[in-house]
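S.K.: Mind looking over this structure? Questions follow.
What follows is calculated from the coordinates using simple rules that are stated; it is not laboratory data. Keep in mind that this is a model prediction, so the values were computed, not measured. Cβ sites come from the backbone with ideal geometry, for glycine too, and all protein chains shown count toward neighbours.
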Amino acid sequence: MQNLILTELKERLGTITLNHPEKRNCLSSAMADAIIDALDSFQKQQVTVVIIRAQSGVKVWSAGYDVHELPYSGRDPLPYKGPLESLIRKVQEYPGAIIAMIQGSVWGGACDLTFSCDILIGDPTASFAMTPAKIGVPYNPSGLIHFINILGINKAKEMFFTGEPINAHDSFNLGILNHLVQPEEIENFTYSLAQKILENSSLAIRAIKRQFCLLNAGTPLTAETFELIQAIRREVYDSEDYREGIQAFLEKRKPQFKGR
Ligand code: YZS
């Protein structure tokens, strides 16, 4: 089995490179587990900064969740302990700065992954498209909060309702990208920013990141609101449209949604 990711460690700077371009670096459970294992290993070695990137020059940074792994019907497609959600929590809880270096297009759950990183640096080929509505997936509250926090609710709604990509220029103006740099500069720029972080107190950075994460987690929900959200989501992933969305993707055709 080829290495789905490549890892590198130089002093306290780790790099994880997505390495499955044949399947557009889609976030299969095997890929998610490999990234989680790499972060666990870096954490044990007290690595303070991690860069997550794809190979130079790819058109697609990551095509998002592996659609072949979406449950066909009747089960939550994005459960709390699922591979994507576990990976996103691992990134959020990592006791150091995680920088997403983005070249190429980012789709679906991979947007949620990059938005959960601490700093995003992109080049002009970067774009972000949130496509659950194209497949018929109801998404989930913890994911939606990430988009509201970064984009504001109006732009987040437009991103989810249209499924249209947000290009690099707009991503920078919207605050998705911390920096927009030229392709030939992005590696040096990212690594020099990482060096600046490495010069600072890793204990302070860990405590500050933890506080940001707790403060950013959104307002607490009542038990009833939580149950209502689950009922709303179940109606969708139990629907014919959900099954049609997945089937259409697998058959490489446009879905025919019927609203049931
Ligand atoms: O046909 P082969 O075996 O060569 O494989 C093809 C694609 O099936 C595969 N692939 C994927 N496999 C599983 N899951 C995916 N998300 C996925 N995306 C691609 O990779 C091989 C090459 O794909 P092509 O389509 O031929 O490549 P290309 O023409 O370069 O187009 C690249 C894009 C990324 C534009 C295209 O593959 C695409 O639209 N992929 C789906 C992007 C997407 O909608 N991702 C969201 C998946 N859903 C989620 O993340 C969440 C559950 S949600 O829906 O809630 O957001």
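S.K.: Given +1 on the Cβ of Lys and Arg, -1 on the Cβ of Asp and Glu, and no further charges, what dipole in debye does the chain carry about its Cα centre, rounded to the nearest 20?
M.R.: Around 140 debye, computed over the chain.
S.K.: Another one. Net charge around S171, counting only other residues with Cβ within less than 12 Å of its Cβ (Lys, Arg = +1; Asp, Glu = -1)?
M.R.: -1
S.K.: To continue, here is another question. Could you pull out the trypsin sites (Lys or Arg not before Pro) across the stretch 73-105 that fall in loop regions by DSSP (anything but H, G, I, E, B) with no more than 14 other Cβ atoms inside 10 Å?
M.R.: Working: sites: R75, K81, R89, K90; in loops: R75, K81.
Of the trypsin sites (Lys or Arg not before Pro), the ones in loops of the stretch 73-105 whose Cβ has at most 14 other Cβ atoms within 10 Å are R75, K81.
S.K.: Right, another one. Restricting to the chain, what percent of DSSP beta bridges are antiparallel, rounded to 5?
M.R.: Around 25 percent of the beta bridges assigned by DSSP in the chain are antiparallel ones.
S.K.: Would you please calculate the Kirkwood hydrodynamic radius of the stretch 1-102 over all C-alpha pairs and express it in Å, rounded to one decimal?
M.R.: Computed over the stretch 1-102, the radius equals 14.2 Å.
S.K.: Defining a contact as two alpha carbons under 8 Å apart and six or more residues distant in sequence, what relative contact order in percent does the stretch 1-40 show?
M.R.: 37
S.K.: Are there GluC sites (Glu not before Pro) in the stretch 188-236 that DSSP puts in a loop and that have at most 16 other Cβ atoms within 10 Å, and which ones?
M.R.: Numbers: sites: E199, E224, E227, E235; in loops: E199.
Qualifying residues, ordered by number: E199.
S.K.: Expected output is a single nm value to one decimal: the length gained when fully extending between T219 and E69, i.e. 0.36 nm times separation in residues minus the C-alpha distance. What is it?
M.R.: Stretched fully, the T219-E69 segment lengthens by 50.9 nm.
S.K.: Would you kindly state the longest site-free stretch of the chain, with sites defined as chymotrypsin sites (Phe, Trp or Tyr not before Pro) in a DSSP loop (not H, G, I, E, B) surrounded by at most 15 other Cβ atoms within 10 Å? It would help to have the intermediate numbers written out before the result.
M.R.: Numbers: sites that count: Y72, Y80.
The longest such stretch corresponds to 81-260.
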